[in-house]
Amino acid sequence: MTSAAAPAEARQPARTTGEARAPLGERALGGILLLPGVLWLAVFFLAPLGIMAVISFGSVDASSHITLAEPSLRHYQQALRPEYLPAFVHSLYYASVTTVLSIAIGYPIAYWISRYGGTHKVLLLILMMLPFWTSYLIRTYAWMTILGDNGVLNSVLLDAGVIDDPIPIVNTDFAVILGMTYGFLPYAILPLFVSIDRLDESLVQAGRDLYATGRAAFRHVTLPLTMPGVIAAALLTFIPALGDFVTPDLLGGAQTTTIAKIVQVIFTSGRDWPYGSALGFLMMAITLVGTLLALRSLRREVIG
Amino acid sequence: MSGRPSRWLTGFAILIYAFLFAPIVVLIVFSFNASRHNFVWLGFSLDWYGKLLSNRTLIDALWISLQVAAIAIVGATILGSLLGLGLARLRFRGAGAVQTLLLLPMVTPEVIMGISLLVFFAQLFNLHGSVGQISIAHIMFCISYVAIVVRARAANLDPRLEEAARDLGASALGAFRHVTLPLIAPAIAAGAMLSFALSIDDLIVTSFNAGVGSTTLPIAIYSAIKFGVTPQINAISTIIVAVVSVALLIAWRLGAFRSAARAVIAEPEAA
């Protein structure tokens, strides 16, 4: 979009010179256009994050009210105690494996659509996105009906005589990762497609003309040039996967604990919100570090 | 232009498409199953759809969801369109900051947005969940999508069109109303459709901001699933899949996806 927007903006030289000297009418217009949306996001997105940050230093008093009388870091210390480590490790494990799988599956698909989709490119992309828009919850539920002990898969295998007893699939790591990969694959395919589709085919051809093998041309030309897409895909898969508690809950069963699930339980059934806020903030920190790291390498890839 | 794909790659692509659609097909097929148990096919039946109509919990939840979606669509479409238009048309100090502000809700885990709003409303206003609170949250996370789609469209408009109208004596407002607005209308409509799809489907943010009497459809379905699998869920899922598919089809016809696809990739770069 940035590249598409640039020429249109370049066509408005009168508006681009002297930001500070923008005419009064334009400034009023800017206020009308921008202010309501910016205020909404400031009040209902940024301010709540700020409140959550403040609360995470507080504590719960005897009458179960949140108090900031003695601000402390103890919730963060509590969150980093070894017994909570498995939940962090689990969350990161699920999110990482999901991200790697989504890119490993998504890249060839995006490549295939872009290179061989021809006139059907948009349709193929829409088909890829259709399941993505039809309710995450319902798709996870569908996997429960397929993978359950007396689900579709086990019933078919039993009837065919392949197995004698149902294979337990639900309530395993495998089921959670399958469900997450299924759920977040389109998040990966979209940016991968855009970056592969933008790639100038003649560059690859030049590599081939200089006697690169197909594999070498891919490794040294195609892959580095589409790296921004890979990084964006990784980010867009990792973040929702890290924050998802529905899949670990429905496909992972009771014994699967992730940070998102712990946070959810604290806020829906417990009252120790300061502790929950601290956990939430640690999660937010992981996300932000990921975002910043990805942005830096993204810039490096783009600018060179 | 680049020859024939390898058979392996095409085979893999077909396999992945099958993987993506298999669960949805299973869901739809079993919603017409006469069997009480989900997994044995006992013949075609519309029973589960009939039972659905008399399921007060789900019908009430659907009504709440539609109310929330209506408010979210109107709010997010107005705020997001204005913002998108402003970003496309105005050059101002802090444009980068506004873009980052738009991007942030898209890269924040939903659970974080959910709990921070819960804390915000409970601590500052002593509010504990309502249709209004859910709607405020939905407007918040829909604004970015609307703004990005509208901005993409508005930035690609030729400003000379509006200038031509002005030269022909149209007022600034008139030129906007009769030239620019009709041209960006498809993007606004597409943004509204995206907002509908996002709002009607949201579970995570909603679950933290729902209170007594504001159980939305996804929350009702979630608790039903946790309670036990029933073909009624398949029936309501099939209806949702049908409705969302139609909304998407309309959004596609209006050209939402070209700009949405670009938005998803270009926005993280822009920040």
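Of the residues in the stretch A:241-255, how many are more than 7 Å from every other protein chain (Cβ to nearest Cβ) and touching a Ser or Thr at 6+ places or on another chain (Cβ under 9 Å)? Write out each step before concluding.
The initial filter retains those residues of the stretch A:241-255 that are more than 7 Å from every other protein chain (Cβ to nearest Cβ), namely A:241, A:244, A:247-249, A:251-255.
Of the ones still in play, those that are also touching a Ser or Thr at 6+ places or on another chain (Cβ under 9 Å) are A:241, A:244, A:247-249, A:251-253.
Total meeting the criteria: 8.
Matching residues to (1) at pLDDT 90 or above; (2) of a type in the set (A, V, I, L, M); (3) surrounded by fewer than 18 Cβ atoms within 10 Å (Cβ to Cβ):
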| position | (1), (2), (3) |
| --- | --- |
| A:E26 | no, no, yes |
| A:V38 | yes, yes, no |
| A:S64 | no, no, yes |
| A:A69 | no, yes, yes |
| A:Q78 | no, no, yes |
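Restrict the check to the stretch A:235-250 and report whether at least one residue is free of Cβ contacts under 8 Å to residues at least 60 places away in the same chain, of a type in the set (S, T, N, Q) and surrounded by 20 or more Cβ atoms within 10 Å (Cβ to Cβ).
The answer is no, given that none of the residues of the stretch A:235-250 is free of Cβ contacts under 8 Å to residues at least 60 places away in the same chain, of a type in the set (S, T, N, Q) and surrounded by 20 or more Cβ atoms within 10 Å (Cβ to Cβ).
Do the conditions hold for B:S223, that is, is it within 23 Å of B:I59 (Cα to Cα), out of contact with any strand residue (DSSP E or B) (no Cβ under 6 Å at 6 or more places or on another chain), more than 8 Å from every other protein chain (Cβ to nearest Cβ) and without any contact (Cβ under 8 Å) to a residue 24 or more places away in the chain? Can you show your working first?
Numbers: within 23 Å of B:I59 (Cα to Cα): yes; out of contact with any strand residue (DSSP E or B) (no Cβ under 6 Å at 6 or more places or on another chain): yes; more than 8 Å from every other protein chain (Cβ to nearest Cβ): yes; without any contact (Cβ under 8 Å) to a residue 24 or more places away in the chain: yes.
Taking the combined requirement at face value, the residue satisfies it.
Helices (runs of 4 or more DSSP H) wholly in the stretch A:18-126 with at least 3 residues that are within 30 Å of A:F174 (Cα to Cα) - which ones?
On the way: elements: A:24-41, A:47-55, A:74-79, A:85-116.
Here the list reads A:85-116.
Among residues belonging to the stretch A:127-152 that are surrounded by fewer than 17 Cβ atoms within 10 Å (Cβ to Cβ) and either in a helix (DSSP H, G or I) or under 31 Å from the mean Cα position of the chain (by Cα) (or both), point out the one that is farthest from the other protein chains (Cβ to nearest Cβ). Before you say what the answer is, go through the steps one by one.
The first filter runs over the stretch A:127-152 and keeps only residues surrounded by fewer than 17 Cβ atoms within 10 Å (Cβ to Cβ), leaving A:127, A:149-150.
Subset that is either in a helix (DSSP H, G or I) or under 31 Å from the mean Cα position of the chain (by Cα) (or both): A:127, A:149.
On the way: A:L127: 7, A:D149: 10 Å.
Here the residue is A:D149.
Please find, among B:P268, B:P231, the residue that is within 12 Å of chain A (Cβ to nearest Cβ), at pLDDT below 80 and in contact with a strand residue (DSSP E or B) (Cβ under 7 Å, 6 or more places away or on another chain). Give the steps one after another, and end with the answer.
On the way: B:P268 fails: in contact with a strand residue (DSSP E or B) (Cβ under 7 Å, 6 or more places away or on another chain).
Answer to the check: B:P231.
Could you tell me whether any residue of the stretch A:208-217 is within 11 Å of chain B (Cβ to nearest Cβ), among the acidic types (D, E) and over 16 Å from the mean Cα position of the chain (by Cα)?
Among the residues of the stretch A:208-217, not one is within 11 Å of chain B (Cβ to nearest Cβ), among the acidic types (D, E) and over 16 Å from the mean Cα position of the chain (by Cα), which makes the answer no.
In the stretch B:124-134, how many residues are surrounded by 18 or more Cβ atoms within 10 Å (Cβ to Cβ) and either within 11 Å of another protein chain (Cβ to nearest Cβ) or not in a helix (DSSP H, G or I) (or both)?
2
Table: residues versus (1) modelled with pLDDT under 85; (2) closer than 17 Å to B:V241 by Cα.
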residue: A:L125; (1), (2): yes, no
residue: A:A142; (1), (2): no, yes
residue: A:T145; (1), (2): yes, yes
residue: A:G148; (1), (2): yes, no
residue: A:D159; (1), (2): yes, no
residue: A:L178; (1), (2): no, no
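Quick check: anything in the stretch B:27-39 outside any helix (DSSP H, G or I) and within 7 Å of chain A (Cβ to nearest Cβ)?
yes
Tell me whether the stretch B:10-31 contains one or more residues that are farther than 25 Å from A:L130 by Cβ, over 26 Å from the mean Cα position of the chain (by Cα), hydroxyl-bearing (S, T, Y) and surrounded by fewer than 16 Cβ atoms within 10 Å (Cβ to Cβ).
Filtering the stretch B:10-31 for residues farther than 25 Å from A:L130 by Cβ gives none.
Within the stretch B:10-31 (the criterion being farther than 25 Å from A:L130 by Cβ, over 26 Å from the mean Cα position of the chain (by Cα), hydroxyl-bearing (S, T, Y) and surrounded by fewer than 16 Cβ atoms within 10 Å (Cβ to Cβ)), the answer is no, since none of the residues qualifies.
Can you name the condition, by its number, that B:A147 falls short on among (1) more than 7 Å from every other protein chain (Cβ to nearest Cβ); (2) small (G, A, S); (3) within 17 Å of the chain's Cα centre (by Cα)?
(1)
Within the group A:I167, A:I163, which residue is touching a residue at least 12 places away in the same chain (Cβ under 8 Å) and more than 8 Å from every other protein chain (Cβ to nearest Cβ)? Break it down into steps so the answer makes sense when it comes.
Values: A:I163 fails: touching a residue at least 12 places away in the same chain (Cβ under 8 Å).
Result: A:I167 is the single residue among A:I167, A:I163 that is touching a residue at least 12 places away in the same chain (Cβ under 8 Å) and more than 8 Å from every other protein chain (Cβ to nearest Cβ).
Check the stretch B:50-57 and report whether any residue there is closer than 18 Å to B:S199 by Cβ, part of a helix (DSSP H, G or I) and hydrophobic (A, V, I, L, M, F, W, C). Quick ask: steps written out before the conclusion?
If we filter the stretch B:50-57 for residues that are closer than 18 Å to B:S199 by Cβ, which is where we start, we get none.
No, the stretch B:50-57 contains no residue that is closer than 18 Å to B:S199 by Cβ, part of a helix (DSSP H, G or I) and hydrophobic (A, V, I, L, M, F, W, C).
Could you check the stretch A:287-304 and list, in sequence order, the residues that are crowded, with 19+ Cβ neighbours inside 10 Å and either modelled with pLDDT under 80 or farther than 30 Å from A:L199 by Cβ (or both)? Write out each step before concluding.
Taking the stretch A:287-304 as the starting set, the residues that turn out to be crowded, with 19+ Cβ neighbours inside 10 Å are A:287, A:291, A:294, A:298.
Correct list: A:T291, A:A294, A:L298.
Any chance you could count how many residues in the stretch B:49-84 are within 21 Å of the chain's Cα centre (by Cα) and more than 21 Å from B:Y222 (Cβ to Cβ)?
14
Can you find a residue that is farther than 27 Å from A:P186 by Cβ, in a helix (DSSP H, G or I) and without any contact (Cβ under 8 Å) to a residue 24 or more places away in the chain anywhere in the stretch B:101-116?
To start, the set of residues in the stretch B:101-116 that are farther than 27 Å from A:P186 by Cβ comprises none.
Within the stretch B:101-116, none of the residues are farther than 27 Å from A:P186 by Cβ, in a helix (DSSP H, G or I) and without any contact (Cβ under 8 Å) to a residue 24 or more places away in the chain.
What's the total number of residues in the stretch A:85-114 that are over 16 Å from the mean Cα position of the chain (by Cα) and without any contact (Cβ under 8 Å) to a residue 60 or more places away in the chain?
4
Only one of B:L83, B:L101 is buried (at least 24 other Cβ atoms within 10 Å of the Cβ), within 8 Å of chain A (Cβ to nearest Cβ) and of a type outside the set (F, W, Y). Can you tell me which?
Details: B:L101 fails: buried (at least 24 other Cβ atoms within 10 Å of the Cβ).
So the residue among B:L83, B:L101 that is buried (at least 24 other Cβ atoms within 10 Å of the Cβ), within 8 Å of chain A (Cβ to nearest Cβ) and of a type outside the set (F, W, Y) is B:L83.
Can you confirm whether B:A95 is within 13 Å of chain A (Cβ to nearest Cβ), over 30 Å from A:T145 (Cβ atoms) and either aromatic (F, W, Y) or surrounded by fewer than 18 Cβ atoms within 10 Å (Cβ to Cβ) (or both)?
Values: within 13 Å of chain A (Cβ to nearest Cβ): yes; over 30 Å from A:T145 (Cβ atoms): yes; either aromatic (F, W, Y) or surrounded by fewer than 18 Cβ atoms within 10 Å (Cβ to Cβ) (or both): yes.
Spelling it out, B:A95 is indeed within 13 Å of chain A (Cβ to nearest Cβ), over 30 Å from A:T145 (Cβ atoms) and either aromatic (F, W, Y) or surrounded by fewer than 18 Cβ atoms within 10 Å (Cβ to Cβ) (or both).
For the stretch A:267-280, give me the residue count where each residue is surrounded by fewer than 20 Cβ atoms within 10 Å (Cβ to Cβ) and part of a helix (DSSP H, G or I). Walk me through it before giving the result.
Initially, the stretch A:267-280 is screened for residues surrounded by fewer than 20 Cβ atoms within 10 Å (Cβ to Cβ), giving A:268-272.
Still in the list and also part of a helix (DSSP H, G or I): A:268-269.
Residues that pass the stated criteria total 2.
Checking the condition more than 30 Å from B:S116 (Cα to Cα), in contact (Cβ under 8 Å) with a residue 60 or more places away in the chain and hydrophobic (A, V, I, L, M, F, W, C), which residue from B:I204, B:I236, B:I188, B:I200 passes?
The unique qualifying residue is B:I236.
The values are calculated or read from the model by the stated rules, or taken from the named source; none is laboratory data. As the structure is a computational prediction, the values presented were derived from the model and not from experiment. Methodologically, a virtual Cβ is constructed for each residue, glycine included, from the backbone with ideal geometry; neighbour enumeration extends over all protein chains shown.
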